[in-house]
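Undergrad: Could you have a look at this structure, given as structure tokens, before my questions?
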Amino acid sequence: MASLDRFPSTLAQAVLAAFLGLCIASCGTFTLGDDSPTPNRSVKRRVYVNDKAPNDSLRSDLILRGVKFVLQPNRSYEFALDSTARTGDKLKLFYFKDNVPDLYKTLDAASNGTREVFSFVSDRAAAQFFMVQLSTPDGAQAISSLRHVSLANASALSSDTLQVRLMFIRNLRNFPDSASKAAFAKSLFTEMAKIYSPLGIVLQGSIDIIEPLAPALTFPFSNTYVPLPGNRAPNHAHLYIVDSISIGDPASGLVGEVLGFAPREVVDIDNHPESRVLLSGRIKDPVSLAITATHELGHFFGLRHTVSTKHDFLQDADFSNVEDGFTDTRFCQLDIAFAKQAAPVWLEPADTKYCLRIADNSCSNLQCDLTNLMHPVDCGSRNQIRLSPQQITFLKTNLASYKH
Ligand SMILES: [Zn+2]
């Protein structure tokens, strides 16, 4: 079990006030937007590969509406239900064709003694969304007897090399010429390598300078997809440095300086338009930006925050995922802002997609798990760089799953 930490009651009120702001700022946004080019928005619920979070509110959608996930080509997966008593279930696996589910195959279950397991491989040419629907002999009545839902790589995978391409986009006030860009990239890669090295991950960084004479770009943060110039490099995760990142929707309640953001679990490592990390070029400190970049790359490869924020709940439309499911990360009980809610009014504007990182120095009283890279709050300490052994294994497994 993850350990619990409660704030002393004397601190609770002051900390809560600070955290209500931070929760709004920590992951995602309330804004609704056109989420093109991501397809299949009518299937709301998503399962993340190798995710350990509870997912215990997925079971209704699994039967009635379908749940979606991304499969990498030629990788083997196991979709499993924690259930020993079920027999006769079938799993209908669909891919999306012009955003419409198209039946791919119907699978029979195998039991491994503790779980009902459905095994499959994607034979599609590229990574893409699939969806599944469980067909049970007892129909929707089975919902109450379903338990934890998971999707995992079927074979052991692990990778220790990560290639990143740093894309300098248009004019950047802090890096006006190619020499300053190269110098900053070198410092950034050095600092990122310091974070990755204890994890056993080797970073290989390279840069690309895109339209350096074009006007500086203030990237509007929202759920609306905004294209950026530049060509992708195969097998690289791409980090885009823009001049600054703004809160696109003033009604979102977001405050502060956006340092960077990324989706959680991208579609593929290198080519999908939304498979990218955005970084603010206003951050000249390579140590600070390296922490933001590696935190966002953690999300990029599927890592959750160690404790969920409101926006994490919104992203999943799932208030069961209070924490990451790892048994060796600490769970910080952060009062109502992070608690599971019985009446989740926040669920109304669902479909948030991005985890972002905003500078905030108001959390000096927070003492819980502040050294973990995937803590949701950036407190400016410059030492939030540690991952637990389970987080490291997850990161290396998913990195290997994405590489091709
Ligand atoms: Zn985050």
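The values are calculated or read from the model by the stated rules, or taken from the named source; none is laboratory data. This structure is a prediction, so every number in the text was calculated from the model and none was measured. Every residue, glycine as well, gets a Cβ built from its backbone with ideal geometry; the counts of neighbours run over all protein chains shown. Accessible surface is based on the protein model in full, side chains and every heavy atom, while ligands, DNA and RNA are left aside. Shrake-Rupley method; radii C 1.70, N 1.55, O 1.52, S 1.80 Å.
Undergrad: Residues with beta-carbon under 9 Å from that of TYR95, excluding TYR95: net charge, scoring Lys, Arg +1 and Asp, Glu -1? If you can, show how the numbers build up before the last one.
TA: Numbers: positive: LYS97, ARG124; negative: ASP102.
Net charge around TYR95: +1.
Undergrad: What is the sum of charges, Lys and Arg at +1 and Asp and Glu at -1, for the other residues whose Cβ falls under 14 Å from the Cβ of ALA400? Numbers along the way, then the final one.
TA: On the way: positive: ARG75, LYS396, LYS403; negative: ASP160, ASP268.
With Lys, Arg at +1 and Asp, Glu at -1, the neighbours total +1.
Undergrad: Could you work out the relative contact order of region 162-291, using alpha carbon pairs under 8 angstrom and six or more residues apart, expressed as a whole percent?
TA: Numbers: 241 pairs, mean separation 42.6, N = 130.
It rounds to 33 percent for region 162-291.
Undergrad: Please calculate the 1.4 Å probe accessible area of ASP82, with all protein chains present, and give it to the nearest 10 Å².
TA: Solvent-accessible area, nearest 10 Å²: 60 Å².
Undergrad: How would you rank 394-404, 62-72, highest first, on the average number of other Cβ atoms within 10 Å across their residues?
TA: Descending mean neighbour count gives 394-404, 62-72.
Undergrad: Does region 178-308 classify as rounded, prolate or oblate by the C-alpha gyration tensor (a ≥ b ≥ c root eigenvalues; a/c under 1.5 gives rounded; else a/b over b/c gives prolate, otherwise oblate)? Write out the running numbers ahead of the final one.
TA: Details: a/c = 1.34, a/b = 1.10, b/c = 1.21.
It is rounded, given that a/c, with a ≥ b ≥ c, falls under 1.5.
Undergrad: Using a probe of 1.4 angstrom, how much of the accessible area of region 50-109 is carbon and sulfur, in percent? Numbers along the way, then the final one.
TA: Values: 1170 of 2750 Å².
C and S fraction of accessible area: 43 percent.
Undergrad: May I pose another question? What percent do you get for the relative contact order of region 59-147 when only Cα pairs under 8 Å and 6+ apart count? Numbers along the way, then the final one.
TA: Numbers: 174 pairs, mean separation 39.9, N = 89.
Worked out over region 59-147, it gives 45 percent.
Undergrad: Can you give the accessible area per residue of region 59-147, in Å², using a 1.4 Å probe? Please list the in-between numbers first.
TA: Numbers: 4290 Å² over 89 residues.
Result: 48 Å² per residue.
Undergrad: Moving to a separate point now. For SER135, what is the net charge nearby, where nearby means another residue's Cβ is under 11 Å from its Cβ and Lys, Arg count +1, Asp, Glu -1?
TA: Local charge sum for SER135: -1.
Undergrad: Still on this structure, I have one more. Kindly report the accessible area of region 155-265 per residue (heavy atoms of protein chains, probe 1.4 Å, no ligands, DNA or RNA), in Å². Spell out each step's value before the answer.
TA: Working: 4610 Å² over 111 residues.
Dividing the accessible area of region 155-265 by its residue count gives 42 Å².
Undergrad: Take peptides 214-222, 319-327, 164-172 and line them up by average Cβ neighbours within 10 Å, highest first, as a rough protection proxy. List each step's numbers first, then the result.
TA: On the way: 214-222: 16.4, 319-327: 19.7, 164-172: 22.1.
Packing order, densest peptide first, comes out as 164-172, 319-327, 214-222.
Undergrad: Return the tail of the calculated pair distribution for region 59-147, meaning the percent of Cα-Cα pairs more than 14 Å apart.
TA: Values: 2497 of 3916 pairs.
Across region 59-147, Cα pairs with separations above 14 Å total 64 percent.
Undergrad: Of GLU274, GLU211, which has the most accessible area with a 1.4 Å probe, and how do the rest follow in descending order? Before the final figure, lay out each step's value.
TA: Details: GLU274 15, GLU211 80 Å².
Largest to smallest exposure gives the sequence GLU211, GLU274.
Undergrad: Using the reciprocal of the averaged 1/r over all distinct C-alpha pairs, how large is the Kirkwood radius of region 131-206 in Å? Numbers along the way, then the final one.
TA: On the way: mean 1/r = 0.0580 Å⁻¹.
For region 131-206, inverting the mean 1/r across all distinct Cα pairs yields 17.2 Å.
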